[in-house]
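The values are calculated or read from the model by the stated rules, or taken from the named source; none is laboratory data. In this text, all values refer to a predicted model and were calculated from it rather than measured experimentally. Note that we place each Cβ from the backbone using ideal geometry, even for glycine, and neighbour counts take in every protein chain shown.
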Amino acid sequence: MDNAVAWSYSALKTFQSCPKKYYHLKVVKDTKESPTQIMLYGIAAHKAAELYIKESIPLSSQYAYMQEQLDRLKALEGEKLCELKFGLTAAMEPCGFFDKGVWLRGAIDLLVINHDKGTARMIDYKFGKSKNADSSQLQLMSLVVFKLYPHVKSVKAGLLFCQEDKLVPTKYDADAAPTMWMDWLPEVQRLEAAFKHDVWNANPSGLCRGWCPVTSCEHYEPRRS
Ligand code: SF4
């Protein structure tokens, strides 16, 4: 098969956590992951933030705690792009999210580009706890920004834990992009190899105990009440 397997940050994370789970969810698609209440809340809150930044649509009372955070973001200087869906080809050229040749696809919650200065701010809204914050998604999204907007040379990014009003900041420079890609490409090659050889090994972990949707797996155990 063609080596250019389409991937996203979340799909790669699923593969890394358990190739067998990835196989059922993404390859044969015989299993669906039902969204939890927390996930549904996050989706609705992302939409509320998008509409507030983009169209100044007032936040409903359940999201009112975000108002000051979003006002600070609204005040940033630059072009504001909300829920920016992107695609890159295997040659790392920009393409449409649904294009046939798409290799990497994803979405950026908020990108604010200062075109004159060649800088950008990037925010990923989070609705969980910041204790185990993982900024790796921001690194990947910054690499994409450097491809989509080659005049942008640095990205100040942050995970914004809205309910804690806490920003976990980080910064990426375009000069370091070749090195940063090496954090991703070997993992993508592992995914491509799994497709090529059609080998999807189970990686048992605590997730097997009631947290994995692949209930047909020999490692699955129902959650203990
Ligand atoms: S039950 Fe465990 S080993 Fe089986 S697919 Fe799910 S995560 Fe992987």
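Just to be sure, is ALA194 within 16 Å of the ligand (Cβ to nearest atom), touching a residue at least 60 places away in the same chain (Cβ under 8 Å), over 30 Å from LYS54 (Cα atoms) and outside any helix (DSSP H, G or I)?
No.
With respect to ASP173, determine if the residue is at pLDDT 95 or above and charged (D, E, K, R).
The answer is yes for ASP173.
Among residues belonging to region 21-80 that are among the hydroxyl-bearing types (Ser, Thr, Tyr) and in contact with a Lys or Arg (Cβ under 9 Å, 6 or more places away or on another chain), point out the one that is surrounded by the most Cβ atoms within 10 Å (Cβ to Cβ).
The qualifying residue surrounded by the most Cβ atoms within 10 Å (Cβ to Cβ) is TYR52.
Look at TRP211 and say whether it is under 25 Å from LEU40 (Cα atoms) and outside any strand (DSSP E or B).
Yes; evaluated as a whole, the condition is true for this residue.
Across region 147-168, what is the number of residues that are on the phi > 0 side of the Ramachandran plot and surrounded by 17 or more Cβ atoms within 10 Å (Cβ to Cβ)?
0
So that you can scan it fast, the table gives a plain yes or no per residue for (1) part of a helix (DSSP H, G or I); (2) touching a His at 6+ places or on another chain (Cβ under 9 Å); (3) within 16 Å of the ligand (Cβ to nearest atom):
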site: SER10; (1), (2), (3): yes, no, yes
site: LYS20; (1), (2), (3): yes, yes, yes
site: GLU33; (1), (2), (3): no, no, yes
site: MET39; (1), (2), (3): yes, no, no
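Has region 199-214 got at least one residue that is more than 15 Å from the ligand (Cβ to nearest atom) and not small (Gly, Ala, Ser)?
no
Could you please find all residues in region 46-76 being over 15 Å from LEU110 (Cα atoms) and in contact with a Cys (Cβ under 8 Å, 6 or more places away or on another chain)?
TYR65 - this is the single residue of region 46-76 that is over 15 Å from LEU110 (Cα atoms) and in contact with a Cys (Cβ under 8 Å, 6 or more places away or on another chain).
Looking at GLN163, is it out of contact with any Pro (no Cβ under 6 Å at 6 or more places or on another chain), under 30 Å from ALA91 (Cβ atoms) and touching a residue at least 60 places away in the same chain (Cβ under 8 Å)?
Taking the combined requirement at face value, the residue does not satisfy it.
Working only within region 169-191, note down all residues that are hydroxyl-bearing (Ser, Thr, Tyr) and either surrounded by 15 or more Cβ atoms within 10 Å (Cβ to Cβ) or in contact (Cβ under 8 Å) with a residue 12 or more places away in the chain (or both).
Selection gives THR170, TYR172.
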